[in-house]
1. Going by the conditions given, is residue 197 at pLDDT 95 or above and either part of a helix (DSSP H, G or I) or within 20 Å of the chain's Cα centre (by Cα) (or both)?
2. Which of the following residues is within 21 Å of residue 306 (Cα to Cα), in contact (Cβ under 8 Å) with a residue 24 or more places away in the chain, assigned to a loop (DSSP other than H, G, I, E, B) and under 20 Å from the mean Cα position of the chain (by Cα): 184, 261, 272, 265?
3. I'd like the residue in the range 97-112 that is small (Gly, Ala, Ser) and buried (at least 23 other Cβ atoms within 10 Å of the Cβ) and, out of all such residues, is farthest from residue 31 (Cα to Cα).
4. Does the range 311-327 include one or more residues that are without any contact (Cβ under 8 Å) to a residue 24 or more places away in the chain and part of a helix (DSSP H, G or I)?
5. Looking at the range 154-178, which of its residues are more than 26 Å from residue 111 (Cβ to Cβ) and under 12 Å from the mean Cα position of the chain (by Cα)?
6. Just one of (1) in contact with a Pro (Cβ under 7 Å, 6 or more places away or on another chain); (2) at pLDDT 95 or above trips up residue 321, so point out which.
7. Out of all the residues in the range 27-60, which are in contact (Cβ under 8 Å) with a residue 60 or more places away in the chain and either surrounded by 13 or more Cβ atoms within 10 Å (Cβ to Cβ) or within 21 Å of the chain's Cα centre (by Cα) (or both)?
8. Within the group 211, 223, which residue is within 21 Å of residue 60 (Cβ to Cβ), touching a Gly at 6+ places or on another chain (Cβ under 7 Å) and surrounded by 14 or more Cβ atoms within 10 Å (Cβ to Cβ)?
Amino acid sequence: MPDSPTLVSPADEPRLRRLHLLLWAWAAIWVVPFFAVASVSWHFFPLGSRLLLGNAPGDGLDLYAAHPQLQFGPVTLLVATPLVELPYRLGELVALLALAAVGPVLLLSLRRLMPGPHRDRRLLLAGLAVVPVWDEVAVHFGHLDDVLALGFGVAALHAVAGRRPLLAAVLLAAAADAKPWAVGFVALLLVFRGRVLLRAVGVWAAGVVAAWLPFLLDAPATAARLGHFTIPVAPSSALHVFGVTATRTPPWDRPAQLLLGIGLGALAVRRGHWPAVLLMVVAARLVLDPATYPYYTSGAVLAAAVVDLLLTTTTTPVLTLVSAATLYAVRFAPLPGLLTQPGLAWLRIGFAAAAVAVVLLVLRPGHRRTHDPGGTRGLDGTGAELAPASAA
């Protein structure tokens, strides 16, 4: 990706306006059919906010200990809280429209980080694949927590590209505090070196602890209750194919998922492909999560688009299209031989393996060092520098 964000020249403005118009029109078209099957899970978020503000037993800071089924973090509760003051249906409508709008906003934000020519064409093609799948998480399920985690993750990419390690750490902590599976995004901080890295990790850890500490101090059973909450292992999950057929999530699964995501993300950074950290974490989720909800695919397709747009210069966003086809569109195809529970599981495993192989084996290793544009003293005057940036 480029050494610095690409600015918009006056000559680009008409094309950029056309790109915005087409992408937003495409997003508006897809929101309509999804509203017919909208808001499967939205009710959890106003419920959590009402419990946080309540005074009954199990409310307030006791809410996670009393309601471990609320598997999202304090940041999500805070974001959802203002909508509690609205009538339920109005708050739901506002939330779903806002969540649907986040997808195009994230995609369009990537333009300034893209290398190579034909950026508008590439971004539009990626958007054609991402937007319909994005509405699964945003409108069909109304999963505020996943949208926040992915949004903070993309924002952290911008902070890293702008050589702002402490801001990146805060954004990554917010992602983890919105949805715990996003803890793996912390591998993105390995882009930095020396004391800059240590400070950034410290800020990230402080951000994660600060969000959860009030709940843990008020109800020490919070960690145990959340850790012991389990869901069934779906027959179409990769875990089931691997032989994990228990009716509940095995106790080793969640830690293994986080460690695998961090490990794959660290390898991506080592190869110079740090924008791929999001995809590596999502791949770990696809392989080790006991559930197989369609909204998981939204994160996979967005993360694949990040790799296509920031780490390649090909006109066709191949990885994005493959993710949308194998993880989402195939569910609607007349392929009864493939659409078995094990068949869908193997598609998830195959995509995750292919994504990891592309990032770690196929893409050329990064070969440039990205220095602080203000001089040779590094990001904060200590001489620290960014790890190799990926090749354009």
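The values are calculated or read from the model by the stated rules, or taken from the named source; none is laboratory data. From a predicted model like this one, the values you see are computed outputs, not experimental measurements. With ideal geometry, Cβ positions are generated from the backbone for all residues, glycine too; neighbour counts draw on all protein chains shown.
1. When the stated conditions are applied, residue 197 passes them.
2. On inspection, the qualifying residue turns out to be 272.
3. The residue in question is 103.
4. Yes: the range 311-327 contains one or more residues that are without any contact (Cβ under 8 Å) to a residue 24 or more places away in the chain and part of a helix (DSSP H, G or I).
5. Selection gives 176 alone.
6. Against the list (1) in contact with a Pro (Cβ under 7 Å, 6 or more places away or on another chain); (2) at pLDDT 95 or above, residue 321 comes up short only on (1).
7. The answer is 27, 30, 31, 34, 35, 38, 39, 40, 41, 42, 45, 60.
8. On inspection, the qualifying residue turns out to be 211.
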